[in-house]
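Every number here is computed from the coordinates shown, using simple stated rules; none is lab data. Quick caveat: nothing in here was measured; it's all calculated off a predicted structure. Glycine gets a Cβ as well: all are built from the backbone with ideal geometry, and neighbour counts include every protein chain shown.
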Amino acid sequence: MKDKSGWNKYRHKRKAVEPRDAELVIESLTNAGDGLGRQDQRVVFVPYTIPGDRVRIKITQRKKTYALGSVEEILEPGKDRIEAPCPYFGSCGGCDWQHVPYAQQLAAKQEQLIDTLGRIGLLHDLPMEDIIPSTREYGYRNRIQGEIRAGSFHYKWRRSDQRIAVDHCAIADDAINAFLKDSDLSQCAQGRVEIALVDGEVNVFPINEKNSTELGFRQVNTDISEKLTARLLDRVQQSSCERIIDLYCGRGHWTNHIAEQHPDRQVAGVDSSPENISAAREQARQRRLNNVHFHEASVEKTLAKLDIANNLCIVDPPRAGLDNSVTDALIANPCQELLYVSCHPATLARDLKKLTEGGYRIETLTPMDMFPQTAHLECVARLSLS
């Protein structure tokens with residue numbers, strides 16, 4: 001019988017309750033480190049999986065076009081899955097891919113870089129070199145960051161503020177692991193710290209409110225860092241530019257290296273950190289370099305004032321990439337050659353799109369595996385005026 005009271009118009013249909021459990025097959029790896037599968041028409045991202053895994057998962061978060069899940073059970077492992085050597089893998093947030101063979105990690109990173117450059121930067125058929133692998137798949141990190149609590153070192157859980165105490169890190173240098181095992185950490189600085197190998201000795205450095213330490217920024221993988229430096233120095237050697245400008249120069253490692261190798265050229269470094277510039281100048285003084293100058297200022301404010309025409313510029317920005325004002329300045333007053341060092345393919349793709357539209361041409365693009373067992377990737381792009 002029809003309800004004539006008018007009450008029906010206030011009734012709402014209940015949404016169908018979607019199941020929290022699902023079974024799916026992982027198809028590929030993403031540049032966030034997750035495995036990718038599909039449930040109906042929705043993409044599902046599942047950490048610690050590998051292509052070919054058939055898994056039962058729990059949906060932890062559901063969005064309109066995608067969902068996040070966690071593995072409840074591996075029903076059938078992918079043919080390439082290997083056993084992770086670290087007992088903390090799967091809880092600690094430091095590594096993504098210890099269950100993925102290293103050759104497959106490298107292939108996935110190169111494929112993801114090509115996809116990202118095409119999807120975000122609309123850049124295709126680039127002169128890309130093969131990815132340069134790390135000579136160490138494990139034990140490569142010369143520094144680790146975490147928190148010392150009650151005499152124990154802690155990492156964060158993956159995508160969580162929870163902590164997990166560890167007494168060994170599979171990707172840390174042996175000297176750091178020996179320090180974790182043998183030292184009384186209750187006597188060290190408590191709170192957020194960096195444990196770093198410097199000049200053959202391991203020390204603990206508190207992390208300040210700027211999320212840094214007295215050491216400043218340093219690359220974590222000595223092997224790849226040396227290969228990266230060699231590549232930059234080789235490019236400078238081949239360049240006809242008489243002036244080299246190192247933007248985001250940090251403590252002047254590359255800047256002073258270039259000045260020392262090329263006393264006939266003028267070299268400049270720019271960084272906004274007073275501590276970095278002070279350290280860079282002191283290093284130049286100790287090396288008795290007379291052809292290098294450092295500017296303590298933001299790149300955004302300084303670049304517009306510098307005459308960079310006919311110069312070679314190096315940019316090594318943070319993960320956020322270049323500020324719009326920096327790309328605008330590089331386009332309005334272009335340099336002859338540009339070396340772009342990036343640790344984030346997505347922001348690299350965005351910036352390269354703008355730079356190539358503004359008149360630069362990509363000469364080479366070199367991916368380098370600075371971070372084995374993770375999805376992170378370092379890249380060097382060499383650009384010139386077209």
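Relative contact order (percent) for the chain, with alpha-carbon contacts under 8 angstrom and 6 or more residues of separation? Could the numbers behind the result be given before it?
Numbers: 768 pairs, mean separation 54.1, N = 386.
Value for the chain: 14 percent.
To the nearest 20 debye, what charge dipole does the chain have about its Cα centre, counting +1 at the Cβ of each Lys and Arg and -1 at the Cβ of each Asp and Glu? Don't skip to the answer; put the middle values down first.
On the way: 50 positive and 54 negative charges, 453 e Å.
Computed charge dipole of the chain: roughly 2180 debye.
So, in Å, what gap is there between the alpha-carbon centers of the stretch 44-103 and the stretch 210-238?
When both Cα centres are located, 32 Å separates them.
Using only the alpha-carbon atoms, what does the chain span along each of its principal axes? Please give whole angstrom values in decreasing order.
93, 55, 47 Å, listed from the longest principal axis down.
Helix 274-286 versus the longest principal axis of the chain: what angle, 0 to 90°, nearest 10, using Cα atoms?
The two axes meet at around 40 degrees.
In percent, how large is the relative contact order of the stretch 295-337, given Cα pairs closer than 8 Å and 6 or more residues apart? Don't jump to the answer; show the numbers that get you there.
Values: 27 pairs, mean separation 25.2, N = 43.
The normalised contact order for the stretch 295-337 reaches 59 percent.
At 25 °C and a viscosity of 0.890 mPa s, what translational diffusion coefficient does Stokes-Einstein give for the stretch 245-386, taking Rh as the Kirkwood radius over Cα pairs? Give it in µm²/s as a whole number. Numbers along the way, then the final one.
Values: Rh = 15.5 Å.
Rounded, D is 158 µm²/s.
If packing is taken as the average number of other Cβ atoms within 10 Å across a peptide's residues, how do 225-238, 46-59 rank, most packed first?
Working: 225-238: 15.4, 46-59: 20.7.
Result, highest mean first: 46-59, 225-238.
Lone cysteines in the chain, going by a 4.7 Å Cβ-Cβ cut-off?
C86, C92, C95, C169, C188, C241, C249, C343, C379
Under the Karplus relation 6.51 cos²θ - 1.76 cosθ + 1.60, θ = phi - 60°, what is the ordered set of whole-Hz ³J(HN,Hα) values for the stretch 348-357, x standing for Gly and Pro?
So the Karplus estimates, Gly and Pro as x, are 4, 4, 4, 6, 5, 4, 5, 5, 5, 5 Hz.
Let me check against my output: what whole-number percent is the relative contact order of the stretch 199-293, with C-alpha pairs under 8 Å and at least 6 apart? Don't skip to the end; give the middle numbers.
On the way: 101 pairs, mean separation 22.6, N = 95.
The normalised contact order for the stretch 199-293 reaches 24 percent.
Taking amide H atoms as placed 1.01 Å from N in the peptide plane, list the residues 5 or more away in sequence, or in a different chain, whose amide H sits under 5 Å from that of T364.
R382
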